[in-house]
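First the structure, in the form of structure tokens, and then the observations on it.
The values are calculated or read from the model by the stated rules, or taken from the named source; none is laboratory data. Here the structure is a predicted model, which means the values were calculated and not measured. Please note: Cβ atoms are built from the backbone with ideal geometry, for glycine as well, and neighbour counts cover all protein chains shown.
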Amino acid sequence: MDRVNRTSDSDEIVRLEALPTELLSRIVGATDWEDVLRLRQTSLRMREVSYDRDVWKEVFLRYLGTRIPRPFYLPKPLHACSSEDIEHAIISWEAPWPEYIPAKLTIHRIDWKSQILHPAIYNHGRFGRPYILNRSLCLIPGGRWLLFILKFDASLWYFDLSEAGHRDLRPRLLCAEMSIPGNLVKVGYMAVDLISAQLSSPGTYHLTEFNVAIAAPQCVRQVNSAEWHTRITVCSIEVVFEPDVGDGSAVATKAVGLRVSRYLSRYIDKFPSPSSLSFFCLLGGEVAYKVEMRSETDPEDQSYAVIVEWKDANGNTSGEDLLRRYIPVPSLQHGVLLPESRILVTTLAEKSPNLMLYRWRDVAIPSMHPLQGKLFENATPSWQGRVDLNFSFPDSLWYMSGDIRLVTDTVKEGVYGIRVLSSEDQLQKSSETVLGKDIVSVEQLAKAIPGQGGSIKILAGQWEGATCQYHRRYHYDARLHKSTASHYSWLNSPPSNTLSTSVMDYGPPMSLLPNDGRYDLASDSVVPGGVILQPIFDELSGRSIFNAGEVNEFLITVDLNLPFLK
């Protein structure tokens with residue numbers, strides 16, 4: 001019987017191979033990537049077809065938005081991608097990682113001297129070494145561009161990590177016009193909107209541009225007083241392309257750097273103060289942040305989620321007559337802007353609902369002035385629920401199968417996924433209670449790994465930390481000089497991979513350290529002071545970044561040695 005089946009399967013392959021190449025490529029392109037690789041092993045004819053660019057292009061376009069979320073970036077424009085480029089992009093996203101992964105850890109020295117003549121660096125010299133605000137670090141998907149802002153002037157910079165083969169990394173300036181002259185910036189916040197540009201260009205599948213917003217709270221001193229002003233700048237960052245000499249083409253397909261293409265908005269807001277700015281986010285034409293104000297009848301501060309349309313605010317230099325939209329939210333903690341004029345927030349409420357979704361154009365209080373001295377009733381959410389988890393929202397949003405998704409590491413409880421549904425057919429299929437047009441679903445993607453926390457622990461110079469992305473979680477344990485990566489999948493979403501954990505070994509770390517006598521692993525210090533901050537992980541490239549705390553002299557990269565990531 002087995003012989004009969006094998007003969008029948010062989011006959012089917014023979015008849016399939018007799019088809020014209022164009023038709024055969026369309027048929028193979030309608031299968032899943034695993035099937036394409038299996039067909040590659042059957043015959044020379046099918047092997048040839050499995051490398052056809054049209055096959056992998058068809059698979060990619062079919063997966064995008066259904067198995068691969070947006071934003072997702074190919075390494076270059078689709079028309080310039082080879083069959084191998086597209087195949088690697090799909091497999092690196094979908095394939096489970098092996099149980100053991102070799103990895104390369106490199107400590108890079110930051111070459112601040114290369115920019116010493118720039119005022120943003122020269123002025124830092126008066127106060128010490130340039131200080132990177134760690135909460136501003138943002139690794140753009142693809143693992144090449146690392147954005148950051150500097151303390152004191154909130155200037156925007158980036159590293160090109162394609163230079164990671166070199167020990168020295170040169171900081172590159174993007175924007176140095178953030179601060180109010182004569183006022184030092186103690187803290188700064190950055191929000192990056194990647195998804196708006198890609199969704200507005202449905203035929204573009206590589207990184208071309210994105211928007212960045214910077215909030216720089218500054219103490220403005222008057223003759224007998226001082227008050228806080230927050231300068232907010234929104235700018236468009238574009239990727240600079242040049243012709244790839246290696247391809248022999250005159251078409252600009254090789255990314256060589258970033259630059260500010262235009263300033264979209266600059267304005268001053270007298271609120272929020274640094275102490276109340278627990279979140280700052282950007283999406284489309286709006287920025288949102290938290291403010292706290294005290295009413296005349298309540299001694300406790302009332303918290304608000306504030307939404308400002310940055311185009312209308314452009315040019316406001318006084319903080320007065322600025323149209324803000326206020327959503328009163330008790331014990332507001334974090335928030336994230338969503339499409340269709342929505343904002344999802346968490347609160348510190350202990351028993352009442354602590355996860356709420358608002359349609360802010362419907363419920364927000366518009367005002368040209370701060371709401372100080374007044375007490376407002378809490379706004380009615382379009383959805384609310386209680387989640388007994390301690391989490392904050394990540395910077396990234398993903399679109400998949402018509403819904404919006406976020407991933408958060410709850411430290412102790414594991415990794416959780418949040419889906420925001422809004423289409424009518426999805427609402428009808430859902431078993432959740434619908435309060436309005438929206439519904440939010442929370443599901444556990446991965447349980448906490450025993451002994452692994454989600455925050456940095458510094459013990460005698462040792463450090464560990466974790467970060468998660470759409471379907472992979474990265475954790476580093478300095479005591480063992482090893483990392484683990486959890487691969488999880490969303491409920492009822494392909495690929496239906498079971499939870500798996502990989503171990504990465506960096507090899508002998510001593511050989512990777514600069515031989516200048518300042519590093520002593522025997523005392524468990526990886527960098528001077530032994531302070532390493534939260535890792536940043538990019539699952540597209542498999543690259544992780546660690547910043548060396550207040551030292552700001554070194555940057556640590558960890559690159560995975562996976563064949564399909566090359």
Residues in region 56-63: is at least one at pLDDT 90 or above, farther than 24 Å from G203 by Cα and in contact with a helix residue (DSSP H, G or I) (Cβ under 8 Å, 6 or more places away or on another chain)?
no
Go through region 324-342 and report how many residues are touching a helix residue (DSSP H, G or I) at 6+ places or on another chain (Cβ under 8 Å) and surrounded by 22 or more Cβ atoms within 10 Å (Cβ to Cβ).
2
Based on this model, can you work out whether T66 counts as over 22 Å from the mean Cα position of the chain (by Cα), modelled with pLDDT under 95 and among the β-branched types (V, I, T)?
no
Can you tell me which residues in region 207-230 are modelled with pLDDT of 90 or more and surrounded by fewer than 20 Cβ atoms within 10 Å (Cβ to Cβ)?
T208, E209
